[in-house]
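The next block holds one structure in the form of structure tokens; read it before the comments.
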Amino acid sequence: MIESGRPRFRRRPGPGRLVRLSPVILTVVIASLAYSTPPEMAFSRLLPAAPALAAAMWPVLPTVLLGTVCLFLMIGLSLVFPDLGTWWTAAGIIAVTVAAAYGSHLRLERERTLFQVRLVADAAQQVVLSPLPRRLGDVEIESLYLAAAAEASIGGDFYEVVDTPFGVRLLIGDVRGKGLPAVGAAAAIVNAFREAAYSESEMVDVARRLDASSTRYNAAFPPDGPMERFATALLAEIPHGGRRIHILNCGHPPPLLLNRGKLRVLEPDTPSPLLSLAELIGDHYNVDTFSFAPGDLLLLYTDGIAEARARGGEFFPLTAWMRRQPPTPPRELLTVLHRDLLQHSKGHLDDDIAALAVRRREP
């Protein structure tokens, strides 16, 4: 599920063993029917279907070998039933086997290309979602990431945590859109945060740096279509040795704070502008301060969690779910969240999911 603060990506499983053996099973079934039924039924004419099916899942050589086996089976059946039309069926087997071998070759080439694209996508995602430290001082941190598109394992959700002279600073956000353009926009924001978090003493100035970086990226790589590309983001600062947390919320879902069995939704008094929209609606940022005592558990998340749907259309009841959780380490909280999300959605996510669980350790 979750390992050493690294994001975990869902992979689509390959075909099962029985499915991969289906061309052999089909060959045996056709040959058995051709041998055990009257010649007029001519089941042997179905033998070319076996190498055609093999091309969808086998490499070139096994596909050719199966076609050769089918050819010899046809010759053997012709010795038992001389009036099967052997030469026409044999020619069909040869033609289909050649076409199937070529189709298998093209499929393997496409799979290799897709594999390279996935490697590039994963590398790009790792630039945004680099492994996080499990602990910074008295602050424990754990992360979770699930991509809605299992084929690509890539999306616009992002997070980062850095230890600075001003305290532990956290970032979580979501770029509108998916794919490599969204990841590029997310990378611009995360990279700006990694620099600004160390150099800017005020979170308002960090937010302005993020907005400027996002705006520059969108100007250099404008989105397709009429819709503007923007991002929600949430900045948090946990001062060293304190019992408070400062939050600047740029249109992002509010964090959930669990304190001794009581849940608090950390809504901002005044929302701050979304990233890339400050020029349109003004750069008036607001920082809210909340109590964050030892033992408190904080959940930061993207909207893919709260908007995960069951088959009946019901949203995942995140607030009620969080209220039921016992005091637990961040790793265990996200493990249970991962499990319950997949159960609720039956494994079909409509949006990418990212979450950070943070706990201040007891002294």
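Since every read-out is calculated from the coordinates, none of them should be taken as a lab result. Since the model is a prediction, treat every value here as computed from it, not as a measurement. Here the Cβ is made from the backbone with ideal geometry for all residues, glycine too, and neighbour counts use every protein chain on show.
Couple of notes before you dig in:
- Helical runs assigned H by DSSP (4 residues or longer) give the chain a calculated mean residue ellipticity at 222 nm of -14000 deg cm²/dmol, each run adding -39500 (n - 2.57) before division by the residue total.
- Checking (1) 1.20; (2) 0.93; (3) 0.97 against Rg/Rh (Cα atoms, Kirkwood Rh) calculated from these atoms, the matching label is (1).
- Inter-site label distance for GLU307 and GLU228 at 7 Å from Cα along Cβ, in nm: 1.8 nm
- Relative contact order (%) - criterion: Cα under 8 Å, at least six apart; region: the range 132-360: 25 percent
- Sites HIS240 and ASP350, calculated FRET efficiency, Cβ-Cβ separation with R0 35 Å, nearest 0.05: 0.35
- Between helix 60-80 and the chain there is an angle of about 30 degrees, using the helix long axis and the longest principal axis of the Cα atoms.
- Helix 22-36 axis, angle to the chain major axis (alpha carbon atoms, nearest 10°): 20 degrees
- The range 17-120 - charge dipole about Cα centre, Lys and Arg +1 at Cβ, Asp and Glu -1, debye rounded to 20: 500 debye
- Model label zone, ALA99; criterion: amide N under 13 Å from point 7 Å along Cα-to-beta-carbon; scope the range 55-72: 55
- Exposure proxy order (Cβ contacts within 10 Å, fewest to most) of ILE93, ILE25: ILE25, ILE93
- Compared with the direct C-alpha span, the chain from SER291 to VAL29 gains 87.3 nm at full extension, assuming 0.36 nm per residue.
- Note on ARG360, ARG169, ARG17: ascending count of other Cβ atoms within 10 Å places them as ARG17, ARG360, ARG169, the fewest first.
- Dipole axis of the chain (+1 Lys, Arg; -1 Asp, Glu on Cβ), positive-most option in LEU297, ALA99, GLY313: ALA99
- Only the Cβ atoms of Lys and Arg (+1) and of Asp and Glu (-1) were treated as charged; on that basis the dipole of the chain about its Cα centre amounts to roughly 1100 debye.
- Ranked TYR102, TYR301, criterion: other C-beta atoms within 10 Å, fewest first: TYR102, TYR301
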